[in-house]
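The values are calculated or read from the model by the stated rules, or taken from the named source; none is laboratory data. This structure is a prediction, so every number in the text was calculated from the model and none was measured. Counting neighbours? That spans all protein chains shown, and the Cβs are built from the backbone with ideal geometry, glycine included. Remember, those area values only see protein heavy atoms, side chains included, never the ligands or the DNA or RNA. Shrake-Rupley method; radii C 1.70, N 1.55, O 1.52, S 1.80 Å.
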Amino acid sequence: MTDDELTQYIDDILEELRDNTGKDVSREELEKELRRFLEYGVPPDHAKQTLIKKYTTPDRPKPSTERTLIVDLKPDHPSVNVLARIVSINPRDITVKGEQRTIYYGILGDESGTIAFTAWKDFEIGKGEAYEIANAYTKEWQGNVKLNLGDRTRLTKTDDTRIPEVRSEPRSFKVKDLRGGLSAVELTARILELQEREVEASGQKKTVYSGLIGDETGKAQFTAWHDFGLKKDMVIKISGGYVKTWKGIPQLTFDQKATVETVDADQIPKKDVKTQHINLSELVDRNGALDIEVEATVIEVRPGSGLVSRCPDCNRVLQDGKCPTHGEVTGIPDVRLKLTLDDGTGTISTILGRPITEKLLGKTLEDLQGQTASQEESISKTLFGHRLLVTGNALGDDFGVTIIAHDATIHDFDIAKEAEQITEDLEALR
Ligand SMILES: [Zn+2]
């Protein structure tokens with residue numbers, strides 16, 4: 001779709017919304033959502049209708065009737081609606097509380113990807129059919145999101161032209177766009193780290209290859225369930241992988257059904273695979289990422305910062321001299337920081353270990369042990385309102401994103417220097 005056509009679609013939607021609801025939806029918001037649908041190959045008219053429906057429905061309590069793309073499904077959601085085609089379905093007899101019953105499991109998909117599902121009763125689902133599925137719920141199972149169709153779920157068979165054949169043609173991605181649930185992924189990346197380990201799968205010993213891959217947009221983990229002859233520093237093109245996530249960190253998985261070819265290593269030079277500078281709104285959006293750098297202001301020094309005592313057995317921080325697992329123990333002293341950071345686009349937490357904490361505070365653990373004043377107060381005095389440059393891995397969960405820092409430095413604006421630069425720029429304009 002050209003930009004002109006996109007503009008036309010947005011105009012149409014805005015006009016319709018104004019006529020029917022008097023509602024003013026922001027153009028940017030609408031464009032963002034429309035683009036997301038189109039990106040996954042939802043036909044423009046269908047996307048348009050979906051968005052009109054979404055915004056004309058008055059603000060009502062959840063559950064909503066809003067459709068979620070499969071790629072956007074997150075674990076532990078109590079009520080989701082999808083429009084999907086059944087790729088496969090199989091019955092299985094199980095015993096629940098001594099009672100024999102039949103459940104159905106399989107795979108369903110839409111334009112964005114596929115997902116495993118379990119139907120806890122017989123919905124008379126037919127393979128290849130398309131359904132509007134309302135009030136289903138999601139769970140996480142072995143790192144994947146799974147869709148559950150339960151007692152409260154409603155299925156309505158629908159015209160299967162509303163949804164194209166489930167995509168099996170690989171689609172090309174960059175590392176930063178990998179999201180849990182994507183399948184038929186094509187990705188060209190450099191192998192940064194590679195480990196081999198033996199696992200037992202269905203009673204058979206198998207070698208699994210895993211590690212880190214990266215391109216010019218970021219880094220991710222990978223797991224290969226087949227010996228593709230991978231070596232560190234190879235640049236490979238993987239077709240037919242699928243993506244799982246753990247705490248927001250994407251993991252590309254591929255097996256013997258995928259094709260892997262070695263490409264010219266110059267396609268992704270080593271120097272191009274580096275720590276990505278990223279703003280906090282994007283990080284919150286992605287809910288995690290490997291090896292990133294953020295620049296943000298300290299808006300809170302959180303309780304538990306400063307001198308702490310750790311359990312000698314499990315390394316957990318002691319509360320009142322006690323470990324929740326090992327009880328009363330003689331703690332090992334340590335220092336750390338728990339900070340809340342804000343860069344104007346979003347807010348996240350970060351945890352900094354002893355070496356970084358000592359560096360930022362300009363004090364050693366021993367200095368802090370000799371200090372009598374309130375620690376949080378004195379740390380706050382040193383760090384509050386300062387800008388930090390933090391690198392590390394960002395892990396996401398229901399409570400938000402936390403960067404486990406590898407390094408951090410104070411990176412305050414040089415106001416005098418900035419003023420000088422602005423003056424120079426203004427001079428140049430005269
Ligand atoms: Zn312990």
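Values for this structure:
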quantity	calculated
Evaluated over the stretch 114-250, the Cα radius of gyration and Dmax, each in Å	18.1, 51
Paramagnetic reach from Leu365 (point 7 Å along Cα→Cβ, amide N under 11 Å) across the stretch 323-342	332-336
The chain: DSSP helices with Cα axial extent of at least 15 Å and average Kyte-Doolittle hydropathy no lower than -1.0	415-429
Aspartates and glutamates whose Cα lies under 18 Å from that of Lys139, excluding same-chain neighbours fewer than 8 positions away	Asp72, Asp76, Asp151, Asp397, Asp398
Sequence-distant lysines (8 or more away, or on other chains) whose Cα lies within less than 17 Å of Lys48	Lys23, Lys32
Cα-centred dipole magnitude for the chain, charges only on beta-carbon of K, R (+1) and D, E (-1), debye, nearest 20	1760 debye
Ranked packing of 372-380, 306-314, most packed first, by mean Cβ within 10 Å	306-314, 372-380
Set of lysines near Lys271 by C-alpha distance (under 19 Å), chain-local residues within fewer than 8 positions excluded	Lys174, Lys176, Lys219, Lys231, Lys232, Lys237
The stretch 100-171 versus the stretch 251-305: alpha-carbon centroid distance in Å	31 Å
Spatially near lysine pairs across the stretch 283-430, Cα under 20 Å, sequence gap of 8 or more or different chains	5
Karplus-derived 3J(HN,Hα), 6.51/-1.76/1.60, for each residue of the stretch 104-116, Hz, glycine and proline x	10, 10, x, 10, 10, x, 9, 4, 8, x, 10, 8, 7
Three principal axis lengths of the stretch 315-362 [C-alpha, angstrom, descending]	43, 24, 14
Sites Ile299 and His46, calculated FRET efficiency, Cβ-Cβ separation with R0 56 Å, nearest 0.05	0.85
Shape metrics for the stretch 222-278, restricted to C-alpha atoms - Rg then Dmax, Å	12.7, 35
Viscosity 0.692 mPa s, 37 °C: Kirkwood-radius Stokes-Einstein D of the stretch 233-369 over Cα pairs, µm²/s	175 µm²/s
Among 268-279, 342-353, 176-187, the order from most to least packed when residues are scored by Cβ within 10 Å on average	176-187, 342-353, 268-279
Solvent-accessible area, 1.4 Å probe, carbon plus sulfur percent, for the stretch 195-324	43 percent
Placed amide H near Ser305: partners under 5 Å, 5+ positions off or other chain	Lys338
Spatial separation of Cα centroids for the stretch 383-401 and the stretch 213-230, in angstrom	26 Å
Computed helical MRE - 222 nm, the chain, DSSP H runs ≥ 4 contributing -39500 (n - 2.57), nearest 500	-6500 deg cm²/dmol
Residues with amide H under 5 Å from that of Thr158, placed H, sequence gap 5 or more	Ala130, Tyr131, Glu132
P(r) histogram, all alpha-carbon pairs of the stretch 101-173 included - 10 Å bins from 0, percent	17, 51, 28, 4, 0
Within the stretch 202-261, trypsin sites (Lys or Arg not before Pro) in DSSP loop having at most 16 other beta-carbon neighbours inside 10 Å	Lys231, Lys232, Lys247, Lys257
Normalised contact order of the stretch 304-360, rounded percent, pairs of Cα under 8 Å and 6 or more residues apart	29 percent
Volume of the Cα convex hull of the stretch 1-136, divided per residue and given in Å³	124 Å³
Calculated from backbone phi, Karplus (6.51, -1.76, 1.60) coupling profile of the stretch 212-222 in Hz, x at Gly/Pro	10, 10, x, 9, 6, 10, x, 10, 8, 8, 9
Gain in span if fully extended, Asp227 to Leu307, counting 0.36 nm per residue against the direct Cα distance	24.0 nm
Projected area, mean over directions - the stretch 62-190, Cα convex hull, nm²	9.1 nm²
Table column - 3J(HN,Hα) (Hz), the stretch 248-258, Karplus curve with 6.51, -1.76, 1.60, x for Gly and Pro	x, 8, x, 10, 7, 10, 8, 10, 5, 6, 7
Probe 1.4 Å, protein heavy atoms only - accessible area per residue of the chain in square angstrom	55 Å²
Unit charges at the beta carbon, dipole of the stretch 144-267: most positive-side option, Ser202, Phe173, Met234	Ser202
Computed accessible area, Arg190, all protein chains, 1.4 angstrom probe, square angstrom	20 Å²
FRET efficiency estimate (nearest 0.05) - Cβ-Cβ, Leu389 to Asp3, R0 25 angstrom	0.10
FRET efficiency for Glu16 and Thr330, using Cβ-Cβ distance with R0 set to 60 Å, rounded to 0.05	0.30
Simple label model, 7 Å out from Cα along Cβ direction - Glu129 to Ser378, nm	7.1 nm
Per principal axis, descending, Cα span of the chain in whole Å	72, 72, 52
Pair Glu186, Glu31: separation of 7 Å Cα→Cβ label points (nm)	2.9 nm
